[in-house]
Amino acid sequence: MSALKAGDAFPADVGFLYVKPTPETSDVLACGIPTKFDASAEFKDKKAVIVSVPGAFTPTCQNTHITGYLSKLSELKAKADVVIVIAFNDPFVMAAWGKANGIKDDSILFATDNEAAFSKTLGWTLGPRTARYAIVVDHGKVVYAEKEPAGDVGVSGVDAVLSKL
């Protein structure tokens, strides 16, 4: 597979690992059990946003990229059924990152693109890590897919994504 573009069908067999938010896993130190999120199945009948970042708790990802999504969460959820943030990090780190940002429910899912498997199929990686990109899927069809040029948060930022929902 190569990079996705508007009009493409979202590929089959895409899954991410995440720790499902529950009252028992709401503390930042609670681990939980990683579960597969079957993105291909979930996105068939929903409008979804995938936001990919190179790493949890890294300066640009935390201070610029994800904070935009958190600040406009109500706008996003009014237009999208699922918002999922993926990175190369393991599902425990991703869950902790979500909780450190005040997310203790499924308003935004923080998941791992395990070994950057999905990102590699798109050719959207930074070495071994996931690249910075955003994809909007509407009932199984890609309506927006853009990878950032190095060092920027424009085409994958919340304002760019909101304009495509």
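The values are calculated or read from the model by the stated rules, or taken from the named source; none is laboratory data. All of these numbers come straight from a predicted model, not from anything done at the bench. We place every Cβ from the backbone using ideal geometry, glycine too, and count neighbours over all the protein chains shown. Side chains included, ligands, DNA and RNA excluded: accessible areas come from the protein's heavy atoms. Shrake-Rupley method; radii C 1.70, N 1.55, O 1.52, S 1.80 Å.
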### Task
Residue by residue through segment 96-109, note down the ones that are touching a helix residue (DSSP H, G or I) at 6+ places or on another chain (Cβ under 7 Å) and open to solvent by less than 10 Å² (accessible area, probe 1.4 Å).
ILE108
### Query
Inside segment 78-95, can you point out the residues that are outside any helix (DSSP H, G or I) and either open to solvent by 40 Å² or more (accessible area, probe 1.4 Å) or among the aliphatic types (A, V, I, L, M) (or both)?
ALA80, ASP81, VAL82, VAL83, ILE84, VAL85, ILE86, ALA87, PHE88, ASP90
### Task
Scan segment 62-101 for residues that are touching a Lys or Arg at 6+ places or on another chain (Cβ under 9 Å) and acidic (Asp, Glu) and jot them down.
ASP81
### Query
What number of residues within segment 23-70 satisfy the criterion of being assigned to a loop (DSSP other than H, G, I, E, B), within 16 Å of ASP106 (Cβ to Cβ), touching a residue at least 24 places away in the same chain (Cβ under 8 Å) and open to solvent by 50 Å² or more (accessible area, probe 1.4 Å)?
1
### Query
Has segment 116-139 got any residue that is open to solvent by less than 40 Å² (accessible area, probe 1.4 Å), at pLDDT 95 or above, part of a strand (DSSP E or B) and more than 18 Å from ALA3 (Cβ to Cβ)?
no
### Message
Cβ-Cβ distance below 8 Å, separation of 6 or more or different chains: which pairs start in segment 146-165 with a residue that is aliphatic (A, V, I, L, M) and end on one that is part of a loop (DSSP other than H, G, I, E, B) and open to solvent by less than 20 Å² (accessible area, probe 1.4 Å)?
### Response
VAL155/GLU148; LEU165/ALA80
